[in-house]
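In what follows, a structure is listed as structure tokens, so that the remarks can point back to it.
We did not get these values from a lab; they are worked out from the coordinates using the rules stated. Quick caveat: nothing in here was measured; it's all calculated off a predicted structure. FYI the Cβ positions are ideal-geometry reconstructions off the backbone, even for glycines, and counts take in every protein chain you see.
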Amino acid sequence: MSEPLIRHYGPRAYADHPPFSYPDYRSTVKRSPTHDLVEIVQTLSETTGPGQAWAEISEEDSDLTTNTGTGSPAIGERIIVTGRVLDENGQGLPGTVLEIWQANASGRYAHWRETEFPAPLDPNFVGVGQCLTDSDGGYRFTTIKPGPYPWGNHPNAWRPSHIHFSILGPSLGARLVTQMYFPGDPLIPLDPIFNSAPPHAGGRMIATYDHEVTEENWALGYRWDIVLRGELATPTHGGAD
Amino acid sequence: MSAELGQTPSQTVGPYFTLRVYRKGDEILVPEGYPGERIVIEGRVLDGDRRHIEDALLEIWQANPAGRYRHPDDTRDLALDAGFTGFGRTVSDFETGEYRFVTVKPGPVPDAEGAYQAPHISLVVQGRGMLNPVFTRIYFSDEEEANQDDLTLRRVPAPRRDTLIAQLLDDQDPKVYRFDVLFQGEDETVFLDF
């Protein structure tokens, strides 16, 4: 076939995402655009994206409690985080690349820039993982529940426990980086980064405790689905001659 | 189709994304000797005070020299190269703010009206202090004629078009282009919504 498939994605729903500038999160103020975005017509450059190409070369690495390769397990509350990556129409998105990074059980990141917080590192936990979604859009990580940690945004500021998720889905326009939070965390209402999302949408970032996922004598289970932009209409074939 | 589910909100990549979302070498899309016009794109990401952003994540997505995307929707009868994904990532240097990609000039990709677009590379910028990604395109200063007819560039108010055009600095092999990303101010980079 010589004519490419042109999909028609619905808009990035800016009303469901944080604003670019959110003064309670101080560093957004100078790192945000002030002009309006320029709306363009989607072409193959926007309706394709790197997820599929990257998936071909990605190595699956979804157990963070053992993937340092030291032979000893990480310390902390072992958890399973599982769910599906879907589009807005409810379709599971197979072959999606999920990359995650997080603090250890003490709230410490194994990153050279973390020098202020006197919490221990765990030699058996780096806090990074990756997996590909299955044919139904499903994913599953085993990890350690991350601890809260302080940051310099305002006096006595603490981030709630969270896991960073980077998602490379079917199109460039669906690119998403977000954070997954844990239910019942008292720090969530105090967190400007969480609160930057509109109130009606913030709850979509909080996982659900799921006893069906919990494994006896092994790990607690959390379920969290991720929703990316979906198609508005049936794709068409088209292109330049 | 009507939307049944709400989009998961975006959050910042924060200061620690290099733990996973960048590995040394992700910024080099093609090895030396790769067939096609090898190019270097370099620049800085600057904030509203024109200070460099020391922890920006930059991702590029592009067609190969034949103009084909490595994606199942791009079914055109054009060559694919097993070694070329078209995806690159880098992070700005903590001290200088400089970033650098080594890639190839992309080939022609059709627009929505059946003509070809000017050669371009899609760029996504994220960082600590950015709650959403910003999307833009990198065009090339030595493609003046093609740029004039490009439908996307024509959507951009004329005085701001230059913010999307990488300037050729060095005409050697590889050619070196400069592309700075600026937040705020009169010369703010044009960011795209699609």
Worksheet item: So which residues in region A:94-126 are more than 12 Å from chain B (Cβ to nearest Cβ) and in contact (Cβ under 8 Å) with a residue 60 or more places away in the chain, if there are any at all?
Response: A:96
Worksheet item: Within region B:16-58, how many residues turn out to be out of contact with any His (no Cβ under 7 Å at 6 or more places or on another chain) and farther than 20 Å from residue B:96 by Cβ?
Response: 14
Item to complete: Working only within region A:208-237, note down all residues that are in a loop (DSSP other than H, G, I, E, B), more than 7 Å from chain B (Cβ to nearest Cβ) and not β-branched (Val, Ile, Thr).
Response: A:210, A:211, A:212, A:216, A:217, A:218, A:224, A:225
Fill in: Sole exception among (1) more than 19 Å from residue A:75 (Cα to Cα); (2) in contact (Cβ under 8 Å) with a residue 12 or more places away in the chain for residue A:149, by number
(1)
Worksheet entry | So residue B:99, is it hydroxyl-bearing (Ser, Thr, Tyr) and more than 12 Å from chain A (Cβ to nearest Cβ) | yes
Worksheet item: Could you say which residue among B:68, B:76 is more than 18 Å from residue B:25 (Cβ to Cβ), without any contact (Cβ under 8 Å) to a residue 40 or more places away in the chain and surrounded by 22 or more Cβ atoms within 10 Å (Cβ to Cβ)?
Response: B:68
Discussion item. If the requirement is being basic (Lys, Arg) and not in a strand (DSSP E or B), which of these qualifies: A:140, A:113?
Written reply: A:113
Practice prompt. Go through region A:2-22 and give me each residue that's of a type in the set (Asp, Glu) and either outside any loop (DSSP other than H, G, I, E, B) or in contact with a Pro (Cβ under 6 Å, 6 or more places away or on another chain) (or both).
Written response: A:16
Worksheet item: Could you say whether any residue in region B:138-154 is over 30 Å from residue A:27 (Cα atoms), within 11 Å of another protein chain (Cβ to nearest Cβ) and touching an Asp or Glu at 6+ places or on another chain (Cβ under 7 Å)?
Response: yes
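Do the conditions hold for residue B:82, that is, is it of a type outside the set (D, E, K, R) and under 19 Å from residue A:95 (Cβ atoms)?
For residue B:82, the condition - of a type outside the set (D, E, K, R) and under 19 Å from residue A:95 (Cβ atoms) - is met.
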Worksheet item: Within region B:1-19, which residues are assigned to a loop (DSSP other than H, G, I, E, B), crowded, with 20+ Cβ neighbours inside 10 Å, in contact with a strand residue (DSSP E or B) (Cβ under 7 Å, 6 or more places away or on another chain) and not small (Gly, Ala, Ser)?
Response: B:7, B:8, B:9, B:11, B:13, B:16
Fill in: Residue within region A:175-190 that is of a type in the set (Asp, Glu) and within 19 Å of residue A:107 (Cβ to Cβ) present
yes
Discussion item. One residue is enough: does region A:130-143 have a residue meeting the conditions at the interface with chain B (Cβ under 8 Å from one of its Cβ atoms), surrounded by fewer than 22 Cβ atoms within 10 Å (Cβ to Cβ) and in contact with a Phe, Trp or Tyr (Cβ under 6 Å, 6 or more places away or on another chain)?
Written reply: no
Worksheet item: Out of the residues in region B:45-61 that are outside any strand (DSSP E or B) and more than 9 Å from chain A (Cβ to nearest Cβ), which is surrounded by the most Cβ atoms within 10 Å (Cβ to Cβ)?
Response: B:54
Worksheet item: Got a sec? Which of A:83, A:51, A:10 is more than 8 Å from every other protein chain (Cβ to nearest Cβ), in contact with a Lys or Arg (Cβ under 7 Å, 6 or more places away or on another chain) and touching a residue at least 60 places away in the same chain (Cβ under 8 Å)?
Response: A:83
